[in-house]
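Inspection log for the structure reproduced underneath, given as structure tokens.
The values are calculated or read from the model by the stated rules, or taken from the named source; none is laboratory data. Fair warning: this is a prediction, and the values are worked out from it, not measured in the lab. Here the Cβ positions follow ideal geometry from the backbone for every residue, glycine too, while neighbour counts run over all protein chains shown. These accessible areas exclude ligands, DNA and RNA; they are computed on the full protein's heavy atoms, side chains included. Shrake-Rupley method; radii C 1.70, N 1.55, O 1.52, S 1.80 Å.
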2 protein chains.
Amino acid sequence: MVRTARFSAEHFIDAAIALVAEGGPGAATMQAIARRVGGPTGSIYHRFASRSAILAAAWNAGYGSLVQVLVPLLHAGRPREAALALLPWAGEDRHRARFVLLHEPVALFEDAPPPEPLRQEMERLETGMDEAFGACIGRVGGGAIREEDLARAKFLIFDAPIAILRPHLLSENPVPSFAGQMIAELHAGVPFASASHRAGTTQAA
Amino acid sequence: MVRTARFSAEHFIDAAIALVAEGGPGAATMQAIARRVGGPTGSIYHRFASRSAILAAAWNAGYGSLVQVLVPLLHAGRPREAALALLPWAGEDRHRARFVLLHEPVALFEDAPPPEPLRQEMERLETGMDEAFGACIGRVGGGAIREEDLARAKFLIFDAPIAILRPHLLSENPVPSFAGQMIAELHAGVPFASASHRAGTTQAA
DNA sequence: ATTCAATTAGATTAATCATTCTAGAATGGT
DNA sequence: ACCATTCTAGAATGATTAATCTAATTGAAT
């Protein structure tokens with residue numbers, strides 16, 4: 001019934017991720033994406049409504065794959081495993097890891113906000129992560145969840161491991177083996193509940 | 001002898017920092033900088049050779065002010081104080097803090113590298129920080145400095161505190177009071193020397 | 001008062017970008 | 001064989017950008 005496509009949405013998404021990973025958001029121009037897949041710029045617009053759309057789709061694909069790894073571990077009450085799971089995930093696909101871990105989503109949409117359905121999917125992913133952190137904290141501790149404890153959990157499980165990875169993602173060198181031990185020692189030494197609130201509470205790390 | 005300048009280099013630098021802080025690197029166009037100070041674009045080129053030049057000068061000013069706070073504390077062998085010093089520094093000037101802590105320098109120079117003298121000043125600042133970390137580690141421990149221990153120190157003193165600040169810099173809300181305690185607990189619970197190398201060594205945190 | 005280099009002022013240029021448009025090619029059902 | 005549809009292909013468009021250029025001011029030193 002129709003002509004077969006030479007370039008899929010995934011082709012364009014992968015090219016966009018690689019370009020951002022290598023040269024920053026500004027390097028992912030429509031023409032650069034087209035050049036990378038070897039097609040004309042017009043073909044991108046058969047799959048995506050705009051540049052924001054393809055960047056948002058790329059973000060949802062990349063960040064989504066990370067969410068898919070972390071959320072089940074968090075809901076299972078395994079924060080330490082979740083933190084360590086960042087390492088193999090980053091090793092799987094360096095372009096994807098640089099794209100997701102080295103760029104704030106807001107920086108990708110300086111010019112124009114992504115179209116509504118993609119923006120909603122972004123929000124859904126972020127909400128899923130937040131709920132998973134909350135569930136993990138709730139399981140570890142006991143009572144109501146305080147904002148401070150949520151911030152603490154996000155730091156220990158997500159932001160701190162990323163901070164450990166960042167210097168090695170910024171350089172060309174691979175992630176050294178001691179990164180895993182640094183994460184492990186962090187979780188062994190720093191409690192999830194704050195010191196002022198910790199009396200008689202189950203210890204997480 | 002000459003006409004008095006209405007716009008100084010600092011005016012343009014401050015505008016560039018504020019624009020990047022508010023809207024990302026892409027928002028700091030030459031025209032946006034000129035508009036913000038209320039002058040013509042041409043005047044910027046009387047102070048700076050190019051866009052990369054003003055961005056590099058802005059980076060050196062912002063990061064330089066942070067280096068000026070941290071390096072003396074590191075050379076004095078006070079890593080904990082250095083880590084905590086990030087908080088008042090960030091509170092002093094939110095635009096500057098967002099500019100320096102939320103953007104990798106490499107992301108500011110996607111298009112063109114900064115002119116040589118400014119690039120050298122950037123390198124000088126980075127080298128100064130590296131030497132200070134090394135001196136601090138050397139003082140804390142005893143023997144030769146291992147790469148792993150340097151990475152560990154940079155994480156505990158610099159990258160981890162930034163990771164604690166980042167979510168609050170990204171939002172509009174002020175940095176909460178518990179940020180300081182998180183840094184303190186991090187330094188209380190995680191050693192500077194790795195576990196495998198720690199036997200009989202002075203504890204830093 | 002005159003001079004003159006530094007500066008303001010903003011129009012101009014050339015490049016680049018996202019997006020649209022026109023044209024033709026491929027595919028599978030009729 | 002033909003048609004409807006989806007795609008490739010890349011030229012055209014209009015906006016925006018960094019950087020340059022010409023001309024008009026300014027104000028302290030002479």
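Is there a quick way to get the dipole size of segment A:101-189? I mean about its Cα centre, with the Cβ of Lys and Arg at +1 and of Asp and Glu at -1; what is the value in debye to the nearest 20?
Charge dipole of segment A:101-189: 400 debye, to the nearest 20.
Evaluate the charge dipole of the protein assembly as shown about its Cα centre and quote only its size in Debye, nearest 20, assuming +1 on the Cβ of each Lys and Arg and -1 on the Cβ of each Asp and Glu.
So the magnitude is around 260 debye.
How big is the B-A contact in terms of buried accessible area, both chains counted, 1.4 Å probe, rounded to the nearest 100 Å²?
By this definition, chains B and A bury close to 2400 Å².
For the rotation bringing B onto A, which B residue has its Cβ nearest the axis, and at how many Å?
Taking the axis that maps B onto A, the answer comes out as B:Gly189, 1.
Cβ under 15 Å from B:Gly138's Cβ, B:Gly138 left aside: what net charge do those residues give with Lys, Arg +1 and Asp, Glu -1?
Once all neighbours under 15 Å are counted, the net charge is 0.
For B:Gly91, go 7 angstrom from Cα along the Cα-to-Cβ vector, then report the distances to that same point in the other copies in nm, smallest first.
4.2
Each residue of segment A:29-42 in turn: what ³J(HN,Hα) in whole Hz from Karplus with 6.51, -1.76, 1.60 and θ = phi - 60°, glycine and Pro shown as x?
7, 4, 6, 5, 4, 4, 4, 5, 8, x, x, x, 4, x
Most fluctuating residue of A:His75, A:His95, A:His46 in a GNM of chain A with Cα springs under 10 Å: which is it?
A:His46
Determine the share of chain A's accessible area contributed by carbon and sulfur atoms, expressed in whole percent, with a 1.4 angstrom probe.
53 percent
Scanning chain B for trypsin sites (Lys or Arg not before Pro) in DSSP loops with at most 16 other Cβ atoms within 10 Å, what's the longest stretch left with none?
That would be B:7-145.
Taking a probe of 1.4 Å, how large is the accessible area per residue of segment A:59-197, in Å²?
With all protein chains present, segment A:59-197 gives 44 Å² per residue.
Using label points projected 7 Å from each Cα along Cα→Cβ, tell me how many nm separate B:Val69 and B:Arg124, to one decimal.
2.2 nm
If the label for B:Ala112 sits 7 angstrom from Cα along the Cα-to-Cβ line, what are its distances to the same label in every other copy, in nm to one decimal, shortest first?
The answer, with the shortest distance listed first, is 2.7 nm.
Given B:His46, A:Trp59, A:Met122, which one lies farthest toward the positive end of the charge dipole of the protein assembly as shown, if we put +1 on the Cβ of every Lys and Arg and -1 on the Cβ of every Asp and Glu?
Working it through, the farthest residue towards the positive pole turns out to be B:His46.
Hey, what did chain B get for relative contact order, percent, Cα under 8 Å, at least 6 apart?
Once normalised by length, the contact order is 21 percent.
Hey, what angle do you get for helix B:178-189 against the long axis of chain B, alpha-carbon based, 0 to 90 degrees rounded to 10?
40 degrees
Heavy-atom accessible surface, probe 1.4 Å, ligands and DNA/RNA ignored: which residues of segment B:167-195 lose at least 30 Å² versus the isolated chain?
SASA drop of 30 Å² or more in segment B:167-195: B:Leu170, B:Phe178, B:Gln181, B:Met182, B:Glu185, B:Leu186, B:Gly189, B:Val190.
Can you give the local net charge around A:Asp159? Use residues other than it whose beta-carbon is closer than 13 angstrom to its beta-carbon, Lys and Arg +1, Asp and Glu -1.
Net charge in that neighbourhood comes out at +2.
Label position 7 Å from Cα toward Cβ: report the copy-to-copy distances for B:Arg139 in nm, one decimal, ordered from shortest.
Computed spacing set for this position: 4.5 nm.
Can you check what the Kirkwood hydrodynamic radius comes to for segment B:122-165, Cα pairs only, in Å to one decimal?
Evaluated over segment B:122-165, this radius sits at 11.0 Å.
Based only on Cα atoms, what Rg/Rh ratio does chain B have, Rh being taken as Kirkwood's radius?
1.04
Taking GluC sites (Glu not before Pro) as exposed when DSSP calls them loop (any state but H, G, I, E, B) and at most 16 other Cβ atoms lie within 10 Å, what is the longest stretch of chain B free of them, the sites themselves excluded?
That gives B:1-109 as the longest site-free run.
Helix A:51-75: angle to the longest alpha-carbon principal axis of chain A, degrees 0 to 90, nearest 10?
30 degrees
Taking the Cα centre of chain B as the origin, how large is its charge dipole in debye, to the nearest 20, when only Lys and Arg (+1) and Asp and Glu (-1) carry charge on their Cβ atoms?
380 debye
Compute the relative contact order of segment A:134-187 as a whole-number percentage, counting only Cα pairs closer than 8 Å that sit 6 or more residues apart in sequence.
Relative contact order for segment A:134-187 comes out at 26 percent.
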